[in-house]
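To start, the structure under review is shown below, and the notes come after it.
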Amino acid sequence: MKRRRIHQRLLVFVIFCCCAVMHHAFLLQRLSQQDPQSSLLWRQTPITATADQGNDTLIMNSFLTELQASIQQQTFSSITLYGPSKATLKKIADTEQTRGCLIRITGRLIQSKNSNKNGNKKTTRPSTQLQVTYKYHLATDIVKNWSLSSVSQSIQSLLLWTTFTSKSDSNNNSLLLDSSVVIPSEWGNPTPQQSQLGLHTATLETTTARYQLDLRSKTLSRHEISSTATTHTPQPHDRSKAVPVSSEAPMWQALGILNEQGKPRLNMASKYKQCQTFVQLLAQRIPFGSETPSEKPNKITVTDMGCGRGYLTFALHHYLSEQQQKHDNSFTVHSIGMDVRPKLVQEIQGIADRLGPPFDTLQFMTSTIEEYTSTLRTPDEDQGDDYQILMALHACDTATDDALFAGIQQEMDLLVVAPCCHRQIRPQLDAFHVQQKQQHALSDVWQYNIYRERHAESVTDTLRALLLEWAGYQVQVFEFVGGEHTSKNVMITAVRTAAARRRKKDDDELEQRIQSLAAFHGIHQHALAQHLGFALIPGKDVSKETAKKRSKYGFPQ
């Protein structure tokens, strides 16, 4: 009897399982026979509408239907949700009220790699996701990846959240606030306390049309896009950034910066970043002939004083050589790098020789700045069509001043320096602090060595910038690369413009400003001022040699 009851129960269980399977298959068949867009609506969480919200709900449903259809049919390009504009935020005087509110949410398809470990084997499987970037007012951006199956529901949550919250609908607010979708910034939840601070427009871009949902006017518009494309290929998550010098350039591997796969070698990522940033900054300041025909250079010459291993010299020379080809060889490129270490110079010259063109016009030499400067001849009119660039990055102490003076002396068009240590001004500042005791306005700041050191650096470079202006250059001082790459990240650029060439011979106002700055800090010596024959102390007699220098280079007398 017991065995018979067991058989009966097993039979009932089997019959039940068969019925469940058949019912599931029946539902799938019915679903597949429906219109694709109606099946998409069936997958969404339905929106319960009130009488006041009925039109909003119909518009949202239509927009979400098109969104899900574009993902399923692989025509999706991007989606953007817009919040308050800058003009709207400026009208609200209370910054704390607007800080952290969402101003834009953008989404694009990416191709990521999911890793699975099965025993000792590790496999990677590509996966398509929607990368969503949340942009806040006066707050840090946040990036999240959504699975494709959750895109429609998540966008729906965002639209309903901003609609109901801005209307202060307390009955639905708790149900609509999805913490995985409505992400707060570091300033807290981005709840729109006013209707003008909420998301108000959504734009869906596909390969065939553009859909724009406007929640303020409660309209949904569709604009056709004439394109032959039928699908949109997701971009890789780790796509390469646009850089001025390609990672395939031959010198990267020859110099040991990148490996065979085009990735930075150990401890070389910062150097690679520094090279790319440096070339990008200079590219914005060099005229390649696209401005006016009269300014087209016949020859671009680069002089790198204190080149070291020549990373930046190679990178800039390669970039300029590419520009030469793009401009139909309308100008030539020649680069010179100098350093005081013979073995290092021999090594990097060997790399340039092995690489061949375009590095055959790149030369390295063993020399000091003073020795090289003494061999240069006085500029003449024959060099009028040449564009000359001087580089001196991390030249120690007053070597930066020596390099700047060499560039001024040769009337070079672009001077680029990144100062290193500042040993000349610090002792003068220390002595002045002791002399002044507590009578100086900055005595409380200077009592701390670290602040005195930083102040000496700032004053040294400020005097350099002002003296360059006095010498007829347009000057900028800025941070050219992040502090995580190098602590010495201040760059000074000086451009000798046409207006500077027509500078006045008498600039007493700037001269007085420089002298006042030096006197306030007790500075009576500065290498670049000495080179230029500039008297930091007013009324000090100027030697005949100094007067001759000032007259030679057209400086104020």
Within the stretch 525-557, can you find the residues that are part of a loop (DSSP other than H, G, I, E, B), modelled with pLDDT under 65 and of a type in the set (G, A, S)? S543, G554
Going residue by residue through the stretch 91-104, is there one that turns out to be at pLDDT 90 or above and under 16 Å from V181 (Cβ atoms)? yes
Output the qualifying pairs, or none if there are none: Cβ atoms under 7 angstrom, residues six or more apart or on different chains, first residue in the stretch 67-94 and more than 30 Å from L148 (Cα to Cα), second residue not in a helix (DSSP H, G or I). L89/H137
Listed by first then second residue, the pairs whose first member lies in the stretch 329-345 and is more than 15 Å from S367 (Cα to Cα), whose partner is assigned to a loop (DSSP other than H, G, I, E, B) and acidic (D, E), with beta carbons under 9 Å and at least 6 positions apart or on separate chains, are F331/D385
Which of the following residues is closer than 26 Å to F76 by Cβ, touching a helix residue (DSSP H, G or I) at 6+ places or on another chain (Cβ under 8 Å) and modelled with pLDDT under 70: L176, L159? L176
Being at pLDDT 65 or above and closer than 26 Å to Q388 by Cβ, is that true of even one residue in the stretch 508-524? yes
When the residues of the stretch 239-292 are filtered to those that are modelled with pLDDT under 90, among the hydroxyl-bearing types (S, T, Y) and in contact with a Ser or Thr (Cβ under 9 Å, 6 or more places away or on another chain), which remaining residue is farthest from D304 (Cα to Cα)? S240
Within the stretch 70-92, which residues are crowded, with 17+ Cβ neighbours inside 10 Å and among the hydrophobic types (A, V, I, L, M, F, W, C)? I71, F76, I79, L81, L89
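The values are calculated or read from the model by the stated rules, or taken from the named source; none is laboratory data. This one's a predicted model, so the numbers in the text were calculated from it and none came from an experiment. In this analysis, Cβ positions are derived from the backbone assuming ideal geometry, glycine residues included, and neighbour counts consider all displayed protein chains.
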